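Taking it in order: structure first as structure tokens, then the write-up.
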Amino acid sequence: MENAVEETGDKKTDVFVKGEAAIKPEFLTTKDKFHGFIDSESTKRETTSENDKVEESKESPFEEPEAKKPKLETEERSKAGKPDGKRLRGQNKSRPHIKPTTYEEKRLCLSVIKDNRECPFGDKCHFHHDVAEYMATKPADIGESCYLYDTFGKCGYGLSCRFAKAHTTPDFKTMENAELIKSCEGKTVVKNSLSKDLQNSLRKRSVAFKKSAEYLKTLSNNKDKREPQGNGDACAPAASADPTGLGQRASTEAETQAQASPDKEPPVKTIGPLTDVDVIKLRQCEKKQVDFQDKLYLAPLTTCGNLPFRRVCKRFGADITCGEMAMCTNLLQGQQSEWALLKRHESEDVFGVQVEGCFPDTMTRCAELINNNTDVDFVDINSGCPIDLVYKKGGGCGLMTRTRKFEQIVKGMNYVLDVPLTVKIRTGVQEKCNIAHKLIPEMKKWGVSMITLHGRSREQRYTKLADWDYITSCSKLASPVPLFGNGDILSYEDAMKARETGVSGIMIARGALIKPWIFTEIKESRHWDISSSERLDILRDFSNFGLEHWGSDTRGVEKTRTFMLEWLSFMCRYIPVGLLERVPQKINERPPYYMGRNYLESLMASQNVGDWVRISEMLLGPVPNNFNFLPKHKANAYK
């Protein structure tokens, strides 16, 4: 859609389409002209670069992968099984998923990478042991310098690194920088990794949850007092409510001790009606304190809120960061992929983890597990997740309607944690039925240290503006417990208006994905007309952080690329300040087709997946032949 311009006498009046951002008329264009310009410029640049590398390609034994061919809309629809005229919408449940392992036919054996020529698997090993044979089939290197080698003095991926020429001798030996290695000795850059011993213990269900057993026993006793024997209670944490079966051994031992004969000395010394455990129990005021007042909080963002992205946001001034939502049952089962969501970089000075669950027993044990095995500043309960997978089993937003279970979860987690417990909620489940104001006074009694309120209900998702008037009234109810407001913050002016409501701090989610420098804008109270080259540098930093986090081999490069493309599906919505007719840009306004001030700015404004791939190729080299991508968070209004 385009903006219409009307002329009345000597005056020129812009009539802007509702829901679209107001861009200066001289930059506006049509869809066909925009994509025509992008394609022609990209072709010119690709042709020029190919001509410059003709001699190199003749001498090199490696073949460059074929350029990705754009698919016709009819082909996409037919493959997706969609009738003509309909688009993929919503959650994209049928999105293609290619594992990074498929991008390499055969990988180099780890024993060769570690300079240990004897493979423990012998002839049964499926990986390459002949270095010359592997190097002949390995894809071409992406760049001349390796970020890992330049930063740490050595690259743990050796010959399999896609930047191997920077640290490999002609006879295929890996080089090391002794000075850099010495300077990095003793540093733990990333914390909260899952150890093999703990993983094995979790899988064997041999981890003892002593504090959790104590709390769950009190729930069981309260249930017995409240109801006659044999009458099942759906809200009570019965043994059948534990989907993992963890902690049963610990709770059985506690019950056995409690049923000891009265002649024997009780296991816990008593002082009147109190026990020593009650006397020395950690009080709320003695827990580790976190100053939440007037902070900028980067929201826990599923998929996009990974560790490399959080590092980018920390550079721009985010005060508080939080890991992606982790399922408590998966953590208790020792799943490596779920534990990866708890990892913390050394730059994250105030860091929390967010867990999701719907039963008091699993959530309490999960909190004790995190408390004993990770380094975090707070733990957050997700009671605002709107997706069906979580909601239908009673988690996420479902907890807001199950107050008795919610109370048991909060009190149980508070009992076992030495750090503050926070909660993230929405206004409610139904659109016109807010219930947060009823829950907040109760949560204050339960012992919550901080509440975050997203100003929309579950049914709304992101279809309407966040209700900041409601957030204002809730912040008064929450006092003196800090309440953070969340929703529609995309500029420092939005942040100033939010602060006027009386909230203790601001949580930023989509705003940080669209423009991660929003934290700098808020702290410096200005609109930053950031250049396209500066934005590319931000993406370059992300790619370097990704290679450090996920690896610099083919698997790591393609994983970094996938997460970068997910981020670009949000970043393309940003409109440069210099192009706007009125400042600031609003988060609910869609950008019309416009030409940037240079080719790169126009490319970054494209909503086409193929153009996002082109941006990734500038930093991570050509995509593999079998590469395919469809964004996870693709909005209905975007192609």
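The values are calculated or read from the model by the stated rules, or taken from the named source; none is laboratory data. As the structure is a computational prediction, the values presented were derived from the model and not from experiment. Reconstructed Cβ throughout: ideal geometry from the backbone, glycine too, with neighbour counts over all protein chains shown. The accessibility values were calculated without ligands, DNA or RNA, using every heavy atom of the protein model including side chains. Shrake-Rupley method; radii C 1.70, N 1.55, O 1.52, S 1.80 Å.
When peptides 602-613, 464-475 are sorted by average Cβ neighbour count within 10 Å, with the highest value leading, the order is 602-613, 464-475.
From largest accessible area down, sort 629, 484; use a 1.4 Å probe on the protein chains. Mind dumping the intermediate values first?
On the way: 629 20, 484 0 Å².
The most accessible residue leads, giving 629, 484.
Taking θ as phi - 60° and the Karplus parameters 6.51, -1.76 and 1.60, the scalar couplings of region 134-147 work out to 5, 5, 6, 9, 5, x, 4, 5, 7, x, 7, 10, 9, 5 Hz in sequence order, x denoting glycine and proline.
When Rg and the Kirkwood Rh are both derived from Cα coordinates, the Rg/Rh ratio for region 527-612 amounts to 1.02.
Each listed q (0.10, 0.11, 0.18 Å⁻¹) maps to a log10 I(q)/I(0) for region 296-431, found by the Debye formula over equal Cα scatterers with no solvent: -0.30, -0.36, -0.98. Calculate I(q)/I(0) for region 319-379 by the Debye formula, one identical point scatterer on each C-alpha and no solvent, and give its log10 at q = 0.14, 0.18, 0.28, 0.29 Å⁻¹ to two decimals. Cα-only, vacuum Debye calculation for region 319-379: -0.35, -0.57, -1.28, -1.35. Solvent-accessible area per residue in region 542-639 equals 30 Å², computed with a 1.4 angstrom probe and all protein chains kept. Could you work out what % of the accessible surface of region 293-390 is carbon and sulfur, using a 1.4 angstrom probe and leaving DNA, RNA and ligands out of the count? Carbon-and-sulfur percentage of accessible area, whole number: 47. Among residues other than residue 322 with Cβ under 11 Å from its Cβ, the summed charge is -1 (Lys and Arg +1, Asp and Glu -1). Residue 394 sits among other residues whose Cβ lies under 10 Å from its own Cβ, and their net charge, with Lys and Arg +1 and Asp and Glu -1, is +4. With θ taken as phi - 60° and the Karplus curve 6.51 cos²θ - 1.76 cosθ + 1.60 applied, the whole-hertz 3J(HN,Hα) list for region 191-202 is 10, 6, 6, 7, 7, 5, 4, 5, 4, 5, 5, 5 Hz, x standing for glycine and proline.
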